[in-house]
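**Q** Would you mind keeping the following structure in view while I ask a few things?
The values are calculated or read from the model by the stated rules, or taken from the named source; none is laboratory data. Please read all numbers here as calculations on a predicted model, not as lab measurements. Glycine also receives a Cβ, built like all others from the backbone with ideal geometry; neighbour counts cover every protein chain displayed.
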Amino acid sequence: MQARATSKAAGIPGVKHVIAVASGKGGVGKSTTSCNLALGFAAMGLKAGILDADIYGPSQPRLFGLRGKPRQIGPRMLEPMERFGVKVMSIGFLVEEDNAMIWRGAMVISAITQMLREVAWGDLDVLVIDLPPGTGDAQLTMAQQVPLSGAVIVSTPQDLALIDARRGIAMFQKVNIPILGVIENMSSFCCPTCNHVTPIFGHGGARLEAERRGIPYLGEIPLDIKIRETSDEGRPVVATEPDGVHARQFVEIARAIWSAISTGVASRPAPRIVIE
Ligand SMILES: Nc1ncnc2c1ncn2[C@@H]1O[C@H](COP(=O)(O)OP(=O)(O)OP(=O)(O)O)[C@@H](O)[C@H]1O
């Protein structure tokens, strides 16, 4: 299998920038980060949407506290759901979770293509795509189907997560998609009773790795029970506690990403990958 870059990727009508949020391994907080970044863009006054392409574990319906099925418009198009000013589409709205779990590669690709092309996204400044963890079919499909303005990599500081993140970085670089930067999630734990800070998964690993590879380090988000609780309750911090420290951290990272994509720092011609 060989990945070859061409310049034929078609954009999504009305959508100015598409960014992918990826991680090398599962459970590092990629979905939580994607959700709060999309809300961060909205908090900046941008028109934002999120596409949950994590076919094997769609989390955005829970994170946004959304249920039900998207409305169909006309014979083919679906209307995205909307919450906290962000348009949301997830495979979780369309199929039972257990069904998607057994899908093979081609079905995954077809579902993602449909969510990109047959959803009435309308005018958006930025569409955030929450990718499944790893470097497989779904990530390649994304690169094949849309001109990504860039990719953001989420990692914990732990060695194991970083090794996997490295693979993700290498994959995007190989297909010529700009890496907008690395975010270190679950960076350290601040005890809510005594305020003692413990670096449970270590600290600073993602920053070091970013520096080593010459890619931007976007910032860190601590391991905090509030982030876990608000995520589980469908009340993400950026929407429900906009003045809190975590919301400010997410918005700051969203600002850095927006600055890179809107000023063209990260706007190399978008490639299309042809698998041979
Ligand atoms: N900074 C954080 N502090 C506390 N809990 C967090 C933080 N980030 C994520 N979590 C929690 O960790 C769990 C995994 O997060 P999430 O689902 O976002 O990870 P993921 O990388 O998208 O996982 P997967 O790839 O398996 O879908 C969730 O319960 C989430 O609430």
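**Q** Mind checking which residues of region 81-110 are modelled with pLDDT under 85 and within 30 Å of residue 240 (Cβ to Cβ)?
**A** 94, 95, 96, 97, 100
Residues checked against (1) at pLDDT below 85; (2) among the aliphatic types (A, V, I, L, M); (3) under 27 Å from residue 46 (Cα atoms):
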position	(1), (2), (3)
113	yes, no, yes
122	no, no, yes
126	no, yes, yes
154	no, yes, yes
160	yes, yes, no
177	no, yes, yes
180	no, yes, yes
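**Q** Are any residues in region 40-51 part of a helix (DSSP H, G or I) and either farther than 15 Å from residue 257 by Cβ or without any contact (Cβ under 8 Å) to a residue 24 or more places away in the chain (or both), and if so, which ones?
**A** none
**Q** Determine whether region 198-212 contains at least one residue that is modelled with pLDDT of 90 or more, more than 26 Å from residue 171 (Cβ to Cβ) and either within 15 Å of the ligand (Cβ to nearest atom) or not hydrophobic (A, V, I, L, M, F, W, C) (or both).
**A** Among the residues of region 198-212, not one is modelled with pLDDT of 90 or more, more than 26 Å from residue 171 (Cβ to Cβ) and either within 15 Å of the ligand (Cβ to nearest atom) or not hydrophobic (A, V, I, L, M, F, W, C) (or both), which makes the answer no.
**Q** Could you list, in sequence order, all residues of region 128-156 that are closer than 28 Å to residue 205 by Cα and among the aliphatic types (A, V, I, L, M)?
**A** 128, 129, 131, 138, 140, 142, 143, 148, 151, 152, 153, 154
**Q** For residue 60, indicate whether it is of a type in the set (S, T, N, Q), under 20 Å from the mean Cα position of the chain (by Cα) and at pLDDT 95 or above.
**A** yes
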